[in-house]
Every structure is written in structure tokens, then in C-alpha cells.
1. Can we say PRO122 is more than 19 Å from LEU32 (Cβ to Cβ), touching a residue at least 60 places away in the same chain (Cβ under 8 Å) and in contact with a strand residue (DSSP E or B) (Cβ under 8 Å, 6 or more places away or on another chain)?
2. Looking at this structure, is SER153 hydroxyl-bearing (Ser, Thr, Tyr), at pLDDT 90 or above and part of a helix (DSSP H, G or I)?
3. Quick one: in region 217-244, of everything that is in contact with a strand residue (DSSP E or B) (Cβ under 7 Å, 6 or more places away or on another chain) and part of a helix (DSSP H, G or I), which residue is nearest to VAL76 (Cα to Cα)?
4. Considering only residues of region 224-242 that are within 18 Å of ALA159 (Cβ to Cβ) and either touching a residue at least 60 places away in the same chain (Cβ under 8 Å) or touching a Phe, Trp or Tyr at 6+ places or on another chain (Cβ under 8 Å) (or both), which is surrounded by the fewest Cβ atoms within 10 Å (Cβ to Cβ)?
5. When HIS95 is evaluated against the numbered criteria (1) at pLDDT 95 or above; (2) at negative phi, which criterion, by number, is the only one it fails?
6. Note down all Cβ pairs under 7 Å where the first residue falls in region 128-155 and is over 15 Å from ASN91 (Cα atoms), the second is surrounded by fewer than 14 Cβ atoms within 10 Å (Cβ to Cβ) and hydroxyl-bearing (Ser, Thr, Tyr), and they're at least six residues apart or on different chains.
7. Can you confirm whether PHE142 is aromatic (Phe, Trp, Tyr) and either over 18 Å from HIS202 (Cα atoms) or crowded, with 19+ Cβ neighbours inside 10 Å (or both)?
8. Which pairs do you get when a residue that is assigned to a loop (DSSP other than H, G, I, E, B), found in region 54-69, comes within reach of a residue that is basic (Lys, Arg), reach meaning Cβ atoms under 7 angstrom, with the pair 6+ apart or on two chains?
Amino acid sequence: MHCQPSATLKVYNWLKIKQTCLLCDEQVDTPLPLCAGCEAELPWLGAHCQVCALPLAVDGLTCGSCLKRPPPFGRVEAPWRYGFPIDALINRFKHQARWPIGRLLGELLARHLAHAFNEGLPRPDLLLPVPLSPKRQRQRGFNQAQMLAEVLSRALQVAQRSDWLMRIGDPPAQQKLDAAARRRNLRGAFTLSPIARPSGLHLALIDDVLTTGATAQQLARLLMRAGAVRVDVYCLARTPAPGDD
């Protein structure tokens, strides 16, 4: 029919479509919806603890907490400090189900990890998203850590399993608690599913933000006791120490 556009015109129009930056709304010609200017202005982590990624004044050091009490995980990898606009983007992804933002952040995290692997960071055998309680996942509609793990799995060609770690009960949200309360809140909060086989594997936990590290420590300890040879943590952002701007 003459009223229908030709296949050639359809393809041409599709190829001419440009993405817009999710931060400034300007058109971009890059594969990801983020312009170079906005990407450069993100709060990149900079100097940090070589174990837990806590922001520090000098790079290449280990923070006092990790020296005094080494955590059960091997290393935290995070591209950003938890600050504007990353904090706003994570909250919109997590609490408003803005999935395009989640996919963008996941792709940028994958790029960061690919560079780290090229620089000598050991590649894990498996990615494990931090689980939500069943009630909270029903309320939210999705697990943001699982979505990030799926993006990373595709980009890095590392398998992921969302059915190995289970959260028991429905404790209060960690964001509302201080460090000591977070640790108490997590006692007995996680378990391994019957199908989990972590023995002999290098595993990486996937989460959105690392604050005190209480969740990562509980899960890493659980996996190491079950025979994992190493557990790392990959997240989008690391919070600074309390009172540190």
C-alpha cells in the first residue's frame, strides 16, 4: 500500500534516532545515555582503602579499620563515592524503578571492572547479588542488586546466580540504622540455599552501595565458611566515613 512507509525509510529513520543524556538531556552519540561532560563530573572515588574502598586522603593505603580487623571479603571495587548526582541516580533506580538508570549504572560499573581486571584484579567465577527479603522484594517489585548482576554478567561474560543466597525474615531497613545496629540487625539474616555450591570458587557479591560493610561481611563470612576461596564485593558507590565531606 502506498500509505505505508518503505522498509528503507524505516531503517533510515531508526538509524537517525539519537539518545539523550539521562542527566542533562542533551543528545549524545555514544552507546550509553550519558554525555562526556556529565560523566566527567560524576563523583569518582579517587583515593581509597585498598581493601574496603573507604575514601581516604592518600591512595594506596589500607584504612585503620581493615588493619585492625581484616574483613572476610578480599576487596571492594566501586567506581564512585556516594555523593551527588550518583546518590540521586541510585535512589531513583532503587525506589522509583527507573530501570534505564540502573542499566546505565550497571554498564558503567562493568566498564570499571573490565579495566580493573586488565590491571590485575582476579576475575571471579560467579556473581552473587545481595538478596532482599521476600516481603521487600514484593513491595519494590525487583531486586536492584540482581538487575545489576544481570547487566554485569552479560557485559563481563561471568555467570551470575540469584538463587544461592537467601535472606531470612524481614528486618528493618539498614539505611535507618547506625553501624552497631546494622551488625545486630543482620545476625542470622542470611543463609545459603540447598543448591548453593560455593566450595573452591572465587565469588563476587553485587550490591548498589557499601556503607558500613556489615551486609558484605555477613555474606562473605557465610560463603567462606562454606568453602569459597575468595569473596570480593562489587558495588556502584562507597560512602565516606561519618563526618567526612
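1. On the way: more than 19 Å from LEU32 (Cβ to Cβ): yes; touching a residue at least 60 places away in the same chain (Cβ under 8 Å): yes; in contact with a strand residue (DSSP E or B) (Cβ under 8 Å, 6 or more places away or on another chain): yes.
Yes: the conditions hold for PRO122.
2. Yes.
3. Going through the qualifying residues, I end up with ALA220.
4. Of everything passing the filter in region 224-242, ARG230 is surrounded by the fewest Cβ atoms within 10 Å (Cβ to Cβ).
5. (1)
6. Qualifying pairs under 7 Å: none.
7. Answer is yes for this residue.
8. LEU54/ARG238
The values are calculated or read from the model by the stated rules, or taken from the named source; none is laboratory data. Keep in mind that this is a model prediction, so the values were computed, not measured. FYI the Cβ positions are ideal-geometry reconstructions off the backbone, even for glycines, and counts take in every protein chain you see.
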